[in-house]
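Just below is one structure, and these are the notes that go with it.
The values are calculated or read from the model by the stated rules, or taken from the named source; none is laboratory data. Everything quoted here is computed from the prediction, not taken from an experiment. When we count neighbours, we look across all protein chains shown, and the Cβ atoms used for this are built from the backbone with ideal geometry, even at glycine.
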Amino acid sequence: MSISALLSMGRCCCRCCCPRGLWMLSAPRCDDRRMCVCPGPRRIGIPVRSSSLPLFSDAMPAPTQLFFPLVRNCELSRIYGTACYCHHKHLCCSSPYLSQSRLRYTPHPAYATFCRPKESWWQYTQGRRYASTPQKFYLTPPQVNSILKANEYSFKVPEFDGKNVSSILGFDSNQLPANAPIEDRRSAATCLQTRGMLLGVFDGHAGCACSQAVSERLFYYIAVSLLPHETLLEIENAVESGRALLPILQWHKHPNDYFSKEASKLYFNSLRTYWQELIDLNTGESTDIDVKEALINAFKRLDNDISLEAQVGDPNSFLNYLVLRVAFSGATACVAHVDGVDLHVANTGDSRAMLGVQEEDGSWSAVTLSNDHNAQNEREVERLKLEHPKSEAKSVVKQDRLLGLLMPFRAFGDVKFKWSIDLQKRVIESGPDQLNDNEYTKFIPPNYHTPPYLTAEPEVTYHRLRPQDKFLVLATDGLWETMHRHDVVKIVGEYLTGMHHQQPIAVGGYKVTLGQMHGLLTERRAKMSSVFEDQNAATHLIRHAVGNNEFGAVDHERLSKMLSLPEELARMYRDDITIIVVQFNSHVVGAYQNQE
Amino acid sequence: MFHRFLSIIRRQRTSPRWQKQCLARSSASAAEAHSVALPAQAQVVICGGGIVGTSVAYHLSRMGWKDIILLEQGRLAAGSTRFCAGILSTARHLTIEQKMADYSNKLYQQLEQETGIQTGYVRTGSVFLAQTQDRLISLKRINSRLNVIGIPSEIISPKKVAELHPFLNMHDLVGAMHVPEDAVVSSADVALALASAASQNGVQIYDRTSVLHVMVKKGQVTGVETDKGQIECQYFVNCAGQWAYELGLSNEEPVSIPLHACEHFYLLTRPLETPLQNNTPTVVDPDGRIYIRNWQGGILSGGFEKNPKPIFTEGKNQLEIQNLQEDWDHFEPLLSSLLRRMPELETLEIMKLVNCPETFTPDMRCIMGESPVVSGYFVLAGMNSAGLSFGGGAGKYLAEWIVHGYPSENVWELDLKRFGALQSSRTFLRHRVMEVMPLIYDLKVPRWDFQTGRQLRTSPLYDRLDAQGARWMEKHGFERPKYFVPPDKDLLALEQSKTFYKPDWFDIVESEVKCCKEAVCVIDMSSFTKFEITSTGDQALEVLQFLFSNDLDVPVGHIVHTGMLNEAGGYENDCSIARLSKRSFFMISPTDQQVHCWAWLKKHMPEDSNLVLEDVTWKYTALNLIGPRAVDVLSELSYAPMTADHFPTLFCKEMSVGYANGIRVMSMTHTGEPGFMLYIPIEYALHVYNEVMNVGQKYGIRNAGYYALRSLRIEKFFAFWGQDLNMLTTPLECGRESRVKLEKGMDFMGRDALLQQKQNGVYKRFTMFILEDHDTDLDLWPWWGEPIYRNGRYVGQTTSSAYSYTLERHVCLGFVHNFSEDTGEEQVVTVDFVNRGEYEIDIAGYRFQAKAKLYPVASLFTHKRRKDDVELSDLHGK
């Protein structure tokens, strides 16, 4: 089977092309012009076969046309999987840069089985060659919308007595998968026993187990850390005497955001141990709880619990395997805690929190509230080098990765970078067979001398909200690597305020003819319709992130191609994207300001 | 005072181009600001100096009332009247509206001559365009109704359209209607002329005077509190336009006037290079949602968009008033439509986009009449953007109403009392007017139901019925089932089912009707208005005997059909009254009588604490069991003999049904079919319904809706109040002599009029028409309002129609008049006159032969099934 062409787009999102543009360089030349679906630059190329049926290359046969709405339909993805898989072999496996994930390792197939076991596309499609005629991918606007909107969620803070007294108006969130299944997670909850709202995005790697666990558990740890001594006592007493517990969190979840039922008991016990320790530590004298400290403690404690649970194991074999998967996979976290005008952002890893500020002249500017923990952050590189002997100075950060392997320099889970070699071996040997058979878990990072190399400790930034702070964007790196922060803030800002409403047309004293006015209005309407398509700021942002052309306008053709990529290919062009846009209530924020 | 008023007029007249003046925002001279003491009392106080208020003042003064004060919060004719587009159009859907517009047209035409004030009246005519065949049908219906009341109009071809207007693109047209006598006029100047004439007749006019609230004592207007002092008065007329709702609520005893404003936009251009002739006809393109008139050599064009912007929901809001800006983006669809209709206007220069809020009502009809709660409180408002067209006529009717106690035409369709407090929620109004405003140019097809403001009042069975496929209609806020869609049946989408021809539910209703005839059906009729009148002594009987024409002194347990007549013998209400005991009566009236009947009874009942009137509508769920097997179902459920010997027709008994006791069972069905009405205390409703359905299964019971009921009652020539009967119809005119007991031993309201009518004969006669050569599948269906022709001459209009599945013909009900051939005067209609005619019904210009009948078809009342008719299929469940 020969692959004819893959024309790369100018900007490749996947991390595997560390020297950016590698794809373009290494992509085989297009040897059959007719077979190129989109010969232009900056477009997504679709790999096609040149060997068979050239006559059909331009006309899409009717039966396959019917497939297109169902891009996620396995039939199609399998067909494309074929092309893709070969493509992998050709480009990934033989290239020195192997992995497309943020975590690089050898050998490749083992990773695949660990993360998502699947059948061999190669075998499967041998008998189905007839279906794989070259095709053009086009999704209609409604199809694009249904993909973009599948995971969108909006929450409006309920109003009391016609007035919203919270500093938050509400939030919009959404995620667009590139991995299958998606490895990103998101959480949002209101603290019921203390004031404030928690919002977070979690970017998993080496599977979604860790990000899932963190998304379920972290907010409880934070909420418990924030609770005053008496409340903790009250809860503990209630558990002890079997009374009804005080609710701690009010979750705001999309139906797709699930919680693990099986591990719930285990997680609860760990959490309870935590608060019991908090009760023991605190004699109830100091009532002031420092949010920053609480966030750091919660992060560290949860990571510690994840690690401990994996070491101890669980008699239930399912749970045992689960805690191990959680510990061996990893996740970054970026969490915001908003209470009145106090905004804390705790970040571990390379997701980012960005504040949208509207200047007096109405223009938008971005204020970054978190630092990325990766090789681009010199302070982080410095920290790592300081934490380990000088002899490791060269190996600890290699090729912009931790030990040459891991992109983020801080993360939950990832016990491979935390445990001693002995501990890793012991746990794997006593662990279930699935773990034991797995090449990835057995693999010890090179130059692994002085663990731990990785921490989950967050960096906490504080910001006091001002009336001009209109919104906060929390997003995983999938967004930030495709869009500049200024563009992000501008797009969201204009979406939220509805710029088109601010500047109505007025004829004034000018000479305008009906025809001119009509032309102007038609143009304005076309521009507006892209805004009106989305009821959710996060969806709107994803639409731009994925579909923007070089002029910063959404290009439907591009959008449609990006979204119709088969799952095997999608990860090469974009990462999972998860976005939460929190809108602040300027009136309330202003009122706070005036009070003081 | 008069001098000061003239100065206002003089100022207006110095600048005949009123629009220009409004653009310049001519500031009122400071001299106006000085306050003048108001008179301490007057007979009538009118609030509102727009075209409506001035018209009421004008007509009242013309009828001889002099002691009238008109108050205006700003300047005269400065509200919506000032910004009105100035188009006078008589092409309306209701005959009463056509008459009002026609009168206004004639009034305004001679106003300049009468007052010497230029009104800018130009007879331009108007052209209504049809882009679709359905639209053309709609225009043809209007056309045939206009012609019969003497307004010339004709349906013309697209080619002819091009001759009438220089710029019209007619390539996508299928036809048009031309109304040559329509006009354009400056509405502000008309209002000023009316004010001037009224003032000459003695009406005192005060501007810059706001009414704060109306003072009420014992349900009677006593005066008005203004920002400049109090005025005592007997009558108050609320003509406050879009502020009428607020003003109504400001009373201690609030008067609910359901209306709400929406922003309305129109465009003004500079003159064309060769200015448009000032008699160029006005063009209305309802499919394009726009109107276009000539304006100072250029054009004025506005429309009624699909997505209106309601405004002033929270009341008079200064911020909103100031922010009434041009919204070009909102106007874009209308502008596109304009340029599609007149492509040559592309180069025409824009002058201004005007934003003038217009007021709309929940049913797109204006609101007039006396408040049901405060006597002496009159309202005329909610003109649905036709204030100029209706102003003259509506003012006249309201003046008649105030002076004589009733207007000269039937205005029930516009009566304030068709609404109650239940329509006055701001949310309801806001949502509903957003549906009403586009409706002005939407295609109006038979049996249209509003989609907004629904599910307000429902029966406890609503969910049960809905789950069984009920499709709903709304009456007075109450959801009523139209028909039940069987599970396997696929009906057209709402938009597609809009048709003037055979509707898609035809077969469904047929099977429901058939089931009513052969087995038994159950219809939820809980919406009916239900009152109970009780007294300690004989007061209840006495007052009812006086108010109702039939003899109510019947044995306990009997039901009497009777009319509640006014002094002129006309039906104020048509109801059934059951005598529950010696001293208590149960009264069932049409749904929309809830407010009107209550007000009427309250007004005419003596103040007596021992006489209690109670509205029990909400207490009872009403189930109508229709059909020959209803008796079997009921006797099985009650273990009581239900045969005619034990339970004759028009009989009422409290009995148990299933486990539930105290169910009021009445042997009548409102359709002429055998069966029973069950009045069930609501907590038993679900139980009784379930039992009836369970037991009824073996008798083939099924749900039915109002369409089946309608077909059944119309084929039996049953008149319905509000549709067929109104305040100007007497029992003698609709063959209901039997329901009037002139000799019941005491006087009753309307008796004298009826006696006289009996002597003189009637001037119209309720008649049933059976369409002869009408093809149900292919021909246009009748609706109501179709002209009736006798021997080729117009004699009246239909009031309702339905397809009779038994006769397999369409049945129309309507009134036959006898207009003198020479003078057009109404003459006595005799039975002979009706019987001796050849009749035709005009449906959108097509005339269908009809057989007239003064009595129902007798065969429909024989219920007995012959033995040899029984066949196997009767054994199937229905």
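What to note about this one:
- Among the residues of this structure, B:Glu772 counts as one that is surrounded by fewer than 18 Cβ atoms within 10 Å (Cβ to Cβ), more than 23 Å from B:His670 (Cα to Cα) and not small (Gly, Ala, Ser).
- Single condition B:Tyr291 does not satisfy, out of (1) assigned to a strand (DSSP E or B); (2) surrounded by fewer than 23 Cβ atoms within 10 Å (Cβ to Cβ): (2)
- Candidate set: the stretch B:801-814, residues that are buried (at least 21 other Cβ atoms within 10 Å of the Cβ) and either in contact with a Gly (Cβ under 9 Å, 6 or more places away or on another chain) or among the charged types (D, E, K, R) (or both); chosen: the one nearest to B:Ser859 (Cα to Cα): B:Ser801
- Meeting the requirement of 2 or more residues that are modelled with pLDDT of 95 or more and either of a type in the set (Gly, Ala, Ser) or in contact with a Pro (Cβ under 7 Å, 6 or more places away or on another chain) (or both), the helices (runs of 4 or more DSSP H) wholly within the stretch B:32-134 are B:51-62, B:95-115.
- Search result, residues across the stretch A:276-332 that are within 31 Å of the chain's Cα centre (by Cα) and charged (D, E, K, R): A:Asp290, A:Lys292, A:Glu293, A:Lys300, A:Arg301, A:Asp303, A:Asp305, A:Glu309, A:Asp314, A:Arg325
- Being out of contact with any Cys (no Cβ under 9 Å at 6 or more places or on another chain), within 14 Å of chain A (Cβ to nearest Cβ), of a type in the set (D, E, K, R) and more than 30 Å from B:Ala162 (Cβ to Cβ) is a property that does not hold for B:Glu370.
- Where A:Ala178 falls short, out of the listed (1) assigned to a loop (DSSP other than H, G, I, E, B); (2) under 19 Å from A:Leu324 (Cα atoms): (2)
- Matching residues, the stretch B:704-734, being in contact with an Asp or Glu (Cβ under 8 Å, 6 or more places away or on another chain) and not in a loop (DSSP other than H, G, I, E, B): B:Tyr707, B:Ala708, B:Leu712, B:Trp721, B:Leu725, B:Pro731, B:Cys734
- Residues located in the stretch B:329-349, provided they are facing chain A (nearest Cβ under 7 Å), hydroxyl-bearing (Ser, Thr, Tyr) and within 18 Å of B:Ala130 (Cα to Cα): B:Ser336
- Selection of the stretch B:815-835 for residues being of a type in the set (Asp, Glu) and surrounded by 11 or more Cβ atoms within 10 Å (Cβ to Cβ) yields only B:Glu826.
- Single residue of B:Ala685, B:Ala622 found to be within 24 Å of B:Asp574 (Cα to Cα) and modelled with pLDDT of 95 or more: B:Ala622
- Checked across the stretch B:373-383, the condition of being surrounded by 21 or more Cβ atoms within 10 Å (Cβ to Cβ), within 14 Å of chain A (Cβ to nearest Cβ) and over 17 Å from the mean Cα position of the chain (by Cα) holds for no residue.
- Cβ-Cβ distances below 8 Å connect the following pairs, each with a first residue in the stretch B:161-181 that is in a loop (DSSP other than H, G, I, E, B), a second residue that is of a type in the set (Asp, Glu), and a separation of six or more residues or different chains: B:Phe167/B:Glu344.
Okay, residues lined up against (1) assigned to a helix (DSSP H, G or I); (2) within 14 Å of chain A (Cβ to nearest Cβ); (3) not small (Gly, Ala, Ser):
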{"residue": "B:Ala261", "(1), (2), (3)": "no, no, no"}
{"residue": "B:Pro271", "(1), (2), (3)": "no, yes, yes"}
{"residue": "B:Asn278", "(1), (2), (3)": "no, no, yes"}
{"residue": "B:Pro308", "(1), (2), (3)": "no, no, yes"}
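- Matching entry among B:Glu358, B:Glu400, B:Glu409 (being more than 14 Å from chain A (Cβ to nearest Cβ) and buried (at least 24 other Cβ atoms within 10 Å of the Cβ)): B:Glu358
- Annotation note: of A:Trp251, A:Trp275, the sole residue that is surrounded by fewer than 16 Cβ atoms within 10 Å (Cβ to Cβ) and of a type in the set (Phe, Trp, Tyr) is A:Trp251.
- Here B:Val174 clears all of (1) modelled with pLDDT under 95; (2) surrounded by fewer than 19 Cβ atoms within 10 Å (Cβ to Cβ) except the condition numbered (1).
- Checking A:Ser173, A:Ser166 one by one, the residue that is out of contact with any helix residue (DSSP H, G or I) (no Cβ under 6 Å at 6 or more places or on another chain), over 22 Å from A:Ile296 (Cβ atoms) and buried (at least 20 other Cβ atoms within 10 Å of the Cβ) is A:Ser166 and no other.
- Pair list, Cβ under 6 Å, 6 or more apart: the stretch B:394-420 residue closer than 18 Å to B:Gln43 by Cα, other residue among the small types (Gly, Ala, Ser): B:Gly395/B:Ser55; B:Glu400/B:Ser408
- A count restricted to the stretch B:135-160 and to residues that are part of a loop (DSSP other than H, G, I, E, B), among the polar types (S, T, N, Q) and surrounded by fewer than 22 Cβ atoms within 10 Å (Cβ to Cβ) stands at 1.
- Filter result for the condition that a residue is aliphatic (A, V, I, L, M) and within 22 Å of B:Lys99 (Cα to Cα), over B:Val433, B:Val403: B:Val403
- Scanning the stretch A:439-464 for residues that are under 25 Å from the mean Cα position of the chain (by Cα) and farther than 24 Å from A:Asn304 by Cβ turns up A:Tyr462, A:His463.
- Every residue from the stretch B:775-807 that is among the charged types (D, E, K, R) and in contact with a Ser or Thr (Cβ under 8 Å, 6 or more places away or on another chain): B:Glu786
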